[in-house]
Each structure stands twice: as C-alpha cells, then as structure tokens.
Amino acid sequence: MGATTIPAGTKWWSGGKSPFNVNYGKVMMWYFLMSDAFTFGAFLISYGTIRFSVNHWADPNQVFNSFPFAGHANLPLAFVSLMTFILIFSSVTMVLAVHEGHQMNRKGVEKYMILTIIGGLAFLGCQAWEWTHLLTGEHVAMLADGTLDVIPTTVKMNPWGVALSQEELMAALKNTPHDKLMAIANTMHHGAEHTAHQVSDSQLIEQIAASGIHATKTGPIAFGGYFFGITGFHGFHVFSGVVINIVMYIKTKLGHFDQRGHYEMIEKAGLYWHFVDLVWVFVFLCFHLV
Amino acid sequence: MQVQQDFPEVTFHPDHSGGTKKIWRIFWVLSVLTIVELGLGYFLYAKGTSLGDFTILSTKIVIGVLTLAKAYYIVSVFMHLGDEIRNFIMTIIVPLVLFVWFIIAFLADGNSWKNLRNTDAGSRTNKVETEIKVPAQH
C-alpha cells in the first residue's frame, strides 16, 4: 500500500483519478448491481404487500414439498434447500476463481470457472424441474362457480387456498359435472382409468368422498404470477450469469487475461455471480422459508 | 505488486496474497446459517397452528435476521466490498437503507388493506374466515 506518493492539494474529483481507488468497470458493476437490487427489492416488496393484504396465503411447506424421484413423499423445503446449497457452493468456486486470478494462475481460474458453470447449470436444471412440477401438478380445488376441478399452479390458477370442510366438499361434488368427477376420480387411481359410461355421478361422488380426498378453495390468483415472475427473473439472471461465466472461461483459456496482465474481468463476472446468489438468499426467504 | 499496472488512477491495491482459508470459513458460516434457518422453518412447519401468532412472527423475524447475516458475509467477503475504501462502501450501502422504510411502509399498507376489507372499511366487526390446516397433498 501507499506505493505512489500523492501530492498535497490533489483534486480527487476533477478527472483522471479514482477517488474510490477502484477502476471504472468495477465501480459501474457495483452501481448496476445496486440498481438491480432495487428492481428485485421492488418485486419482493410488492409480493409482500399483496401477501399481507389477504387472509390466507399458500403455505410453502405444502407447495414445495416434493423431490425428484421421491414420488409423493412429503419432504417440505428439501429440494429448495438443495438448490440453495448448489448456489452457495458455486459462489465459493467463483470466489476461488477470483483468488486464483489474483495469483495469475490460469489453470486454477479455468478449473474453478468450470465448477462455477456446472453449479449454475445444476441450479437451472433444478428450477426447470420445480417449475414443471408446479405447472403440471394435479390438485382438486373448488372454483369460483362452486364446482370442483383438477388444476395445476400457474399464473392464472392457484389451488393452494383454504381447505374445504366435509359439508362444503359434498356440496361442491354435487355441483360438479360428470367429466370433472371422472378427472378427480382418475387423479386418485392412477393406472386404473375409468371410462365415461361405466359409472354414474352418485357412484363417483361416493367413491371420491370415501377416498378421504383433500380439496381446497382456490387461493389468491397473484401467487403464481409472483412466484413464476420473481423466480423467473432470478433464473434469467442465473442463465445470463452462466453465459458470462462461459465467455470468461473461453477468454481465460485463450490467454487474454495473461496478455492483459490482470484477471479483473473475472472479478467483475464474479461480482455479478455473487449478486445472483445474494438475490436467491432473499427469494428463498420470501417464498420458501416464511 | 505486479498486477494491474495499467490502471494508473488506482493508487493502491488490497492485499490478495492471503490463502483460501477465509473463503472456506465463510462457506461454513453460510452453510450453518442456512441449516439454522431450515431448522426454524421445520419448527414452524412441525408445530403448525399450535404456535401463537407472536411465536410465529418472532421466528420469522429471526429467520429474516439470519438472512441479512448471510447477505452481509456474501457482500463483504465474497464480493470483497469489505476491502474497498469506506466512501465507496457508503455510496452502495446508504441508498439501500431506503429499503428499511419501503418494507415497513408497504407491508403496513398491505395489512391495512386487509383490515379495511375484512371490516368493510370499519363499518362492521372483523370476521376473518377461520383457517383450516390443510394436510399435505399432491
């Protein structure tokens, strides 16, 4: 430190100097990330406002309780925890790549960039599974017209409302048309599909009621929009982060940073990547933990 | 320092000669904080509605504080903001302090909206639908 002597009366803010002792690119990356933090913050606060304004919101322990290849096992939080650890770990490999860059060790940077890219792709894969699971889910819910239907979680449908009492369920079953009753019965007996002419409505209602089915009212429609909107916006950041990391890996491999004499581009890509991890910490808090 | 000679405006560099010990230490700190958060999350799930509103709210606040601790470690150590000079740190952190007010104001607004709707803007007593605990389903 203090390698250069600074003359007395230096005008720090009149150009040609770095008052913050950071070069331009890194300063601008920080300010971009700050503005991005406001965007994410505004989304999450908007979500919080709507969530506080309704009497019932989806319980994350019910919405996010499945795990790939675990069938119908009830594993609340397990899969999103795995996603969180993947992202924390890829943040560690990123900071290790930056560290190797400071040491001008090209092989080390290459190794840790590859690991970071793999972590990012693993996270995106998990998110694709999570979205598919919600978008193709089959939940029996009572629609606004008082009939029952089998619906997934989308930006237009939210099956995660208040549970129906036994009386409400029986009343709703009586309103439900034949084809919907068939669909409900079929969600409970996978493999043994009924055909439309085999059974009467009353037999179906009896069968459905006897199965101890869990039916709910529909929940606030905003749930899907906020969930897919915010996790999608975050996922797009992860995707662009992976693309940036791949570009950085190629430039490292081609020796561009060795020619330049420093690995500062890796630091800037690293700032963006850590920010993506940082945002996930808050998305995880707002959607999955509380 | 042999690196970054072509940025003449940068007059000194933080010392990067240290090992990776600190990075791994922060990795474990982040992991333990996440595990504690998950533990509290499972506590809320397992006890369900048997907990009082106050206990639920305070547990959620504790989870939020732990999240802020994680954010501090990521920004300060992984993003090396802690190594920058103080004035630069302040230009990033001070605007973000606005979030304190955003969060208080908007959540209070949402809550007020709910109360107004439940009471027809104060013209009747609050009759919130009684919540029934839904068992896990698919």
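The values are calculated or read from the model by the stated rules, or taken from the named source; none is laboratory data. In this text the structure is predicted, and so the values were computed from the model without any measurement. When we count neighbours, we look across all protein chains shown, and the Cβ atoms used for this are built from the backbone with ideal geometry, even at glycine. Surface accessibility is based on the protein's heavy atoms, side chains included, excluding ligands, DNA and RNA. Shrake-Rupley method; radii C 1.70, N 1.55, O 1.52, S 1.80 Å.
Just a few scattered comments:
- Protein heavy-atom surface of segment A:1-137, 1.4 angstrom probe: 68% of the accessible area is carbon and sulfur, with nucleic acids and ligands not counted.
- In straight-distance terms, cross-link reach from B:Lys22 covers every one of the lysines whose alpha-carbon lies under 17 Å from its own, apart from those fewer than eight places away in the same chain; here that gives B:Lys70.
- Length added when fully stretched, A:Asp201-A:Ala78, from 0.36 nm per residue minus Cα-Cα: 40.3 nm
- In sequence order, segment B:41-57 has phi-based couplings of x, 5, 4, 4, 5, 5, 7, x, 6, 5, 7, x, 4, 5, 4, 4, 4 Hz under the Karplus curve 6.51 cos²θ - 1.76 cosθ + 1.60, θ = phi - 60°, and Gly or Pro positions carry x.
- With a Förster radius of 51 Å applied to the C-beta separation of B:Phe54 and A:Leu254, the computed FRET efficiency comes to 0.30.
- Taking Cα atoms only, the orientation of helix A:264-283 departs from the longest principal axis of chain A by about 30 degrees.
- Rough spin-label spacing in nm, given labels placed 7 Å along Cα→Cβ, for A:Ala70 and A:Ala8: 6.9
- The C-alpha atoms of chain A define a longest principal axis, and helix A:178-188 lies at about 60 degrees to it.
- Delta accessible area of at least 30 Å² on complex formation, residues of segment B:101-122, 1.4 Å probe, chain isolated as reference: B:Phe106, B:Leu107, B:Gly110, B:Trp113, B:Lys114, B:Arg117
- Unit Cα scatterers, Debye sum, chain A: log10 I(q)/I(0) for q = 0.10 Å⁻¹: -0.69
- Distant-in-sequence amide H partners of A:His139 (H built 1.01 Å from N, under 5 Å): A:Ile151
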